[in-house]
Amino acid sequence: MPSGAGAPLGMRFHRDLTYLSLPAMAVNSCLIAIINGKKEVGILVAASIISSIINLLVTGLLVFKFEIYGALIAYTINPALALLSTGFLVLQCRWLKPKSLWGKLSQPVLREMYGFGLMGLTSAMTAPVSYILIRNNLVDNLGLAAAGYWQAIWGISGIYLMLVTSTLSVYYLPRLAEIKAAAELREEIIKVYSFVMPIVLIGAITIFILRDFIINILFTSDFLPMRELFPWQLGGDVIKIGSWILGYIMLGRAMVKIFVITEIAFSISFVVLSWFLVYAFGLVGVSMAYAINYSIYWVGMGYLMKNEMHQMDIKTA
């Protein structure tokens, strides 16, 4: 990292790069959303692979040339560079025409977009805030090391669940938006459960068996105390995905009000449960809160979806 007089100049350069890359990131996200909506899984996977290769090459070159500062630059511009691969692949699609990207605004579509935007904003605000509150509570009561153990296992959960959540976003969510009949929705839910849940269970069991190996590979032996978190955390992961399969229906069917209420309510309950259980059981209490909170969420989603299907049956009767 440049020091002395060069540091402010370097930071300004990094800031300017950020400003320039933001529009490209926004366009790339828009194209990814279009591909997702068209269910072009092959293009989505190809764009991800090509983007990863470009990012690897650019990051390696910049780090070799500028060391830490190069890594910082790469971190800033790599999301924007993804536009190169996405744009190239999308331009090959016959179904995408330039005139499709602009035109007269539709009021019903704008209202739907407002609803989806509100749901996205709610998730973007509630999740980070709840995690910060939980982490701060761990720091205050158990120390920085305990907070680090929780952050570490949370990262492990995020990595191996990414495969499942990506599948849900790419296939399941657009599919839910198409379904009009309750019987078809039931069939789709059963199909997704039968495919996704075995994968999650196998992943959770494998990680539990290899937990010591994973800790030593990803971290150091200093993180071995986090072993006690694995049973509850991995169990919570399985329950979380099970509940999300139903929860995604709120997104797919634009159930904005219910989604916002449940996101806020269960984020609060996660924080409150973690406070009480950490006080009662120590560090493992935070993973217990995670599993219990998503168990309650799963039950709640089951009730809401049963009611939604009943309303769909009435409409189609």
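What is the Å³ per residue value for the convex hull set by the Cα atoms of segment 106-202?
132
Note down the relative contact order for the chain as a percent, whole number, built from C-alpha pairs under 8 angstrom at least six residues apart.
19
For segment 175-317, compute Rg over Rh where Rg is the Cα radius of gyration and Rh is the Kirkwood radius from the inverse mean 1/r over Cα pairs.
Radius of gyration over Kirkwood radius for segment 175-317 works out to 1.06.
Using the 10 angstrom Cβ neighbour count as an exposure proxy, how do 237, 222 rank, fewest first?
So the residues, fewest neighbours to most, are 222, 237.
Report the Cα-based extents of the chain along its three principal axes, largest first, to the nearest Å.
The principal-axis extents, from largest down, are 73, 60, 32 Å.
Pick from 295, 269, 48 the residue whose mean-square fluctuation is largest in a GNM of the chain, springs joining Cα atoms under 10 Å.
Fluctuation is largest for 48.
Arranged by the count of other C-beta atoms within 10 angstrom, fewest first, what order do 186, 135, 111 take?
By the 10 Å Cβ count, ascending: 111, 186, 135.
When N is the residue count of segment 145-232, what does its C-alpha Rg come to as a fraction of 2.2 N^0.38 Å?
For segment 145-232, the normalised Cα radius of gyration is 1.42.
Just give me a number: lysine pairs in segment 107-316, eight or more positions apart or cross-chain, with C-alpha atoms less than 23 Å apart.
Lysine pair count for segment 107-316: 11.
Is any helix in the chain, taking whole DSSP H runs, at least 24 angstrom long along its axis by alpha carbon and on average at least 1.0 on the Kyte-Doolittle scale, and which ones?
Qualifying helices: 41-66, 68-91, 144-167, 182-209, 256-281.
For the chain, what does -39500 (n - 2.57) per DSSP helix run (n ≥ 4), summed and divided by total residues, give at 222 nm, in deg cm²/dmol to the nearest 500?
-29500 deg cm²/dmol
Please express the shape of segment 18-170 as an equivalent ellipsoid: the semi-axes are the square roots of 5 times the eigenvalues of the C-alpha gyration tensor, given largest first in whole angstrom.
For segment 18-170, the ellipsoid semi-axes come out as 32, 24, 16 Å.
Could you compute Rg(Cα) / (2.2 N^0.38 Å) for segment 247-311, with N its residue count?
So segment 247-311 has a normalised radius of gyration of 1.29.
Using the count of nearby Cβ atoms within 10 Å as a rough guide to exposure, how do 38, 104, 240 rank from fewest to most?
Fewest-to-most Cβ neighbours within 10 Å comes out as 104, 38, 240.
Read the figures in this text as sums done on the coordinates, not as results from a lab. From a predicted model like this one, the values you see are computed outputs, not experimental measurements. Heads up, the Cβs are rebuilt from the backbone with ideal geometry, glycines too, and the neighbour counts pull from every protein chain shown.
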